Amino acid sequence: MKNLYIDDLPDYFKQYKKSIKNPKKFWDKIADEGFVWYQRWSKVVEYDMEKAEIKWFKNAKLNITKNCLDRHLSVRGDKTAIIFEPNDPKEKAQHISYKELHERVCKMANVLRDLGVQKGDRVCIYLPMIPELAVTMLACARLGAIHSVIFAGFSDTAVASRVNDFEAKMIICSDGSFRGNKAIDLKGIIDKAVEKCPTVEKVLVVKRTAGQVKMTEGRDIWLEPLYEKASSDFVSVIMDAEDPLFILYTSGSTGKPKGMVHTTAGYMVFTAYTFKNIFNYKENDIYWCTADIGWITGHSYILYGPLANGATTVIFEGVPTYPEPDRFWDVIEKHKITQFYTAPTAIRALAKESIDWVEKHDLSSLRVIGSVGEPINDEAWHWYNDHVGKKKCPIVDTWWQTETGGIMISPIPFVTPTKPTYATLPLPGIQPVLMDEKRNEITGNQVDGNLCIRFPWPGIARTIWKDHQRYKETYFTAFPGKYFTGDGALRDEVGYYRITGRVDDVIIVSGHNLGTAPIEDSINQHPAVAESAIVGYPHDIKGSALYGFVMLKDIGESRDKENLRKEINQLITDTIGPIAKLDKIQFVNALPKTRSGKIMRRILRKIAEGDFNSFGDITTLQNPEVVEEIKNEKI
Ligand code: 6R9
C-alpha cells in the first residue's frame, strides 16, 4: 500500500475529522491507492442499519490473493512472506518467500479444484499452526471457496455442529499436531466428527506428526502425493466485492455459535489499512502475532493484513512455555521481531515466571508491542511495558471483535500517547458512541455506557451464515440504527476509551469468548444434573475463569462429588473443548430465579467473586431464600 500513514497526532485528528465528515471519500481513497482490482466499484458504501444490510465497494471485482501474493512478486518475490517457527525449537524454522508461497497456494488450489471444490463451496480447515494452514486458506480464496477455520482444539461435537451449519463439502485436517511436549490426534477427532456430517465428501489429510491414522477409502486422501504432482499455475477466480471470503464462528450469549460471514473487498481494505497504521509497518519489519489462526486475530493479523502489505509474518506452532517459559523471548531474539502482538492472558502467565527468563534475551529489535482479546489490567500493562517494551515500545491495546473484522479502537504508535488499560482512540472511519439503557446517546466525557458504533466500516461482518434475522437482532436491535458491540466502555476526560468488559452473557477466558448457554447445555446433558448456571470470576492468569452452579436431580449426600465434577468437566471437554472446563463447581439445591424464570446471574457472580455483602435488590426473586443457602454451601 502506498502512503496511507497517519504521521502524528494533528494528522490523526485531521484524518479522523475527514473520515467522519465524508466516510465515502475517505475509504474510496484508501481502496483506490492501496490495492489491485479487476474492476472498480460503482459505489463506495450502501447501507441500511435498520435492515442490517451493508455493502462496500459495490460491483468491484478482485481476488484477495492477487493482493496478498501476485502483486508482490515483481517487487519482493524473494522476500520472506512467512517464517514458520515449529513447536520444537530444534526443528529448523522455515522461511517461505512470496514466490514460494504463491507457488504453494497455486498448487493447493489445483489440488482442491481437482477434488471438486468450486467457487462458493464451503471448506472446513482444522489444522494446527503450520504453513499449510495459511496455504489452504489462501488456496480457497484463490478459487473462490469459502473457508471456515475451526480451531484445532475443539472437540468432534463442536466441529460437527459448525460443519453442519455451513455444510462443508470438504474438511482439511492433519494427522496430528504438536503442542509443547504433547502430540494430539487431530485426525481421530475429525473421524468422529465426520460420522455426524452428511455434507462432507472428502477429508484431505496433511502429514505433520506422522502418527498412526485410519484412512477411510473413498473419503480420506493424503495431500502429499496430489500436491507433488499439481501444477503451479492457477489463475485466480474473479470475485465480487461482496462474495463471502470466510465464515468464522464466535460464541453468542445464547444458543449455538454464530457463523460470522466476512466478505472480500471491505475485509481486505480494512485489515490492510489497520495493519499498516497500528503496527507502524515498514518494509523490512519482521512481524509476529502469537494468536492462533483459528481465531479472528490470526485471520486478520497473521494472514490477510500482513500479506496484503507484503510483510513478513511469523506462524508459531508452539506454546509460550515450551520447552521453557522463555519461548516467546527466544523467538523474538532469534528472528529479530520488530512488532509483537499477543494477549493479556499470555502476558500475565509469563509475568509470573522469573524475570530472568525475559532478561536473558536481547529484545532490542522490538519497536511496537500489542495486546488483544480482553481488557489488559494495569499490572500486566506495566509489566509488558517495563520488561518487554523496555519503556520504549508503544503498547497498542487494540479493541475489536470477530464481527468487526479488524481493529477499531487502538493507539497508533508514535502518534497517540498511550495510557495504561486504555484502548484510547478510534481509528479513522470508526465512530464509537456510548448509549444508556434508555437508548439515549451519552455525550461528553468522563462517562460510561454501552459501546455502539454509528456508521458502518468496511470490515464489518455482513451477516450470520444462513441466519440474517439473528444478525439483525443481535447487533442492530438493542440500539436502533447502530451496531451494538456487547461491550461496556468508559470515555475519560480527554475522550480516550477504556473497554470495561462484556455486558452480555459472554465470558472471556484466556482471551477466548465463551457463551454461557452452550456450556450449560453441555452440563445439563449429565444424567444427574437438573439445571446449571455458569458465571465468570476474576482469575490471576486467565482474566476470568468459569464457576458453575450445578443443581442435581438428587443431591443425596452419598454421591461422590469429586467424581461428578470430573464427569461434568469431561462432558464439557467432549462437547466444546478443554477451554470451557470449569475451574470451580458448586452443587446447589436451587438457582436464584426472577419471577419470569430467568436465572439472576448478577447474584451468582457476586458469590463466585466471594463478595457476599452487595447483592443489591433481591426482592424480585421468586426464591430469595436460596441466596442464603448458596452462600453458606461449601464447594
Ligand atoms: C479480536 C477479538 C471480542 C471481545 C470484545 C471484547 C474483548 C478484545 C479487547 C477486548 C478490552 C481489548 N476484547 N480486545 N476487551 N480490550 N483490547 O478478541 O475478537 O474473539 O470476537 O472477542 O473481546 O469484549 O467484544 P473476539
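VAL368: in contact with a helix residue (DSSP H, G or I) (Cβ under 9 Å, 6 or more places away or on another chain) and more than 16 Å from the ligand (Cβ to nearest atom), yes or no?
no
Just checking, which of ALA230, ALA291 is surrounded by fewer than 24 Cβ atoms within 10 Å (Cβ to Cβ), touching a residue at least 24 places away in the same chain (Cβ under 8 Å) and either more than 29 Å from LYS61 (Cβ to Cβ) or among the aromatic types (Phe, Trp, Tyr) (or both)? Steps first, answer last, please.
On the way: ALA230 fails: either more than 29 Å from LYS61 (Cβ to Cβ) or among the aromatic types (Phe, Trp, Tyr) (or both).
Checking each option against the conditions leaves just ALA291.
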Pick from region 355-365, criterion part of a loop (DSSP other than H, G, I, E, B) and hydrophobic (A, V, I, L, M, F, W, C), ranking: farthest from the ligand (Cβ to nearest atom): ILE355
Which members of region 314-343 meet the condition of being free of Cβ contacts under 8 Å to residues at least 40 places away in the same chain, surrounded by 18 or more Cβ atoms within 10 Å (Cβ to Cβ) and within 23 Å of LYS79 (Cα to Cα)? none
State all residues of region 402-414 that are assigned to a loop (DSSP other than H, G, I, E, B) and either buried (at least 20 other Cβ atoms within 10 Å of the Cβ) or in contact with a Lys or Arg (Cβ under 8 Å, 6 or more places away or on another chain) (or both); if no residue qualifies, say none. GLY405, GLY406, ILE407, MET408, SER410, PRO411, ILE412, PRO413
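Are any of the residues in region 324-344 of a type in the set (Ser, Thr, Tyr), modelled with pLDDT of 95 or more and over 18 Å from the mean Cα position of the chain (by Cα)?
Yes, region 324-344 contains a residue that is of a type in the set (Ser, Thr, Tyr), modelled with pLDDT of 95 or more and over 18 Å from the mean Cα position of the chain (by Cα).
Could you go through region 58-77 and let me know if any residue there is within 30 Å of PRO325 (Cα to Cα) and touching a strand residue (DSSP E or B) at 6+ places or on another chain (Cβ under 8 Å). Don't jump to the end; show me each part of the working.
Within region 58-77, the subset within 30 Å of PRO325 (Cα to Cα) is none.
Taking every residue of region 58-77 in turn, none turns out to be within 30 Å of PRO325 (Cα to Cα) and touching a strand residue (DSSP E or B) at 6+ places or on another chain (Cβ under 8 Å).
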Residue set ILE369, ILE293, ILE302; condition part of a loop (DSSP other than H, G, I, E, B), within 30 Å of THR485 (Cβ to Cβ), not hydroxyl-bearing (Ser, Thr, Tyr) and not assigned by the TED database to the domain that holds LYS542; output residue ILE293
Look at PRO428 and say whether it is within 16 Å of the ligand (Cβ to nearest atom), in a loop (DSSP other than H, G, I, E, B) and either surrounded by 23 or more Cβ atoms within 10 Å (Cβ to Cβ) or basic (Lys, Arg) (or both). no
How many residues are more than 26 Å from GLU167 (Cα to Cα) and of a type in the set (Lys, Arg) if we restrict to region 244-302? 2
Please tell me if GLN446 is closer than 29 Å to GLY266 by Cα, more than 11 Å from the ligand (Cβ to nearest atom) and either out of contact with any Cys (no Cβ under 6 Å at 6 or more places or on another chain) or modelled with pLDDT under 95 (or both). no
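The values are calculated or read from the model by the stated rules, or taken from the named source; none is laboratory data. Here the structure is a predicted model, which means the values were calculated and not measured. Here Cβ is always computed from backbone atoms with ideal geometry, including for glycine, and neighbour counts include all displayed protein chains.
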